[in-house]
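Presented below is the structure to which this report refers.
The values are calculated or read from the model by the stated rules, or taken from the named source; none is laboratory data. On a predicted model such as this, the values are computed, not experimentally measured, just so you know. Note that each Cβ is placed from the backbone with ideal geometry, even for glycine, and that neighbours are counted across all protein chains shown. Accessible surface is based on the protein model in full, side chains and every heavy atom, while ligands, DNA and RNA are left aside. Shrake-Rupley method; radii C 1.70, N 1.55, O 1.52, S 1.80 Å.
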Amino acid sequence: MSVQQPVASDHQLARLLQIGVVLEEVVEARAGEHARSVDGLDSETVALLDEAATESAEHRQRLESIIDDLDADTIPFEEIKELVAAQYEAESEFDGVLYDQLCNEETAYKFYDDLITAIEESDAEFSVDQSELVATLSAIREDEAEGVERVTELMEADG
């Protein structure tokens, strides 16, 4: 299964959306942990991390709602985790909270961009409204793009 090919079924769409859920869980967990545990962060960075965690939780809920509407079996978490690692894991370690957050936002943006393309190129009939699905994913992708911009601006201000 790949996001590089058109989505062929509800089952495949559900799997891909579950990858999105896992990505959002990673962003949410990492941002929250950084905000709580890293000493010496300025208030603007803490606010950015808190906002990222809240936004990711919202994205996760939106994706889970779509998955619930699909006529598809769920996939074991371990299998999804492996798919995420294979396709979207960072290629190297990132030092610093802002670099980590930037990597997470960029990874999520790329995933949603690929998923939207795969859905738009599909000839499959889904059990959810395709235009609403693409609109939801596009809104989430836009949030990720804005997150990249916010992190980049904060990095430039600090640098």
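Data table
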{"quantity": "With every protein chain in place, region 1-56: carbon and sulfur % of accessible area (1.4 Å)", "calculated": "49"}
{"quantity": "Nearest-0.05 FRET efficiency for Ala8 and Ser131, computed from C-beta distance (R0 22 Å)", "calculated": "0.75"}
{"quantity": "Neighbour-limited loop hits for GluC sites (Glu not before Pro), region 92-159 (at most 12 other Cβ within 10 Å; DSSP other than H, G, I, E, B)", "calculated": "Glu93, Glu121, Glu125"}
{"quantity": "Under Karplus coefficients 6.51, -1.76 and 1.60, residue-wise ³J(HN,Hα) of region 122-138 in Hz, glycine/proline x", "calculated": "7, 9, 6, 9, 9, 7, 10, 5, 5, 5, 5, 4, 5, 4, 5, 5, 5"}
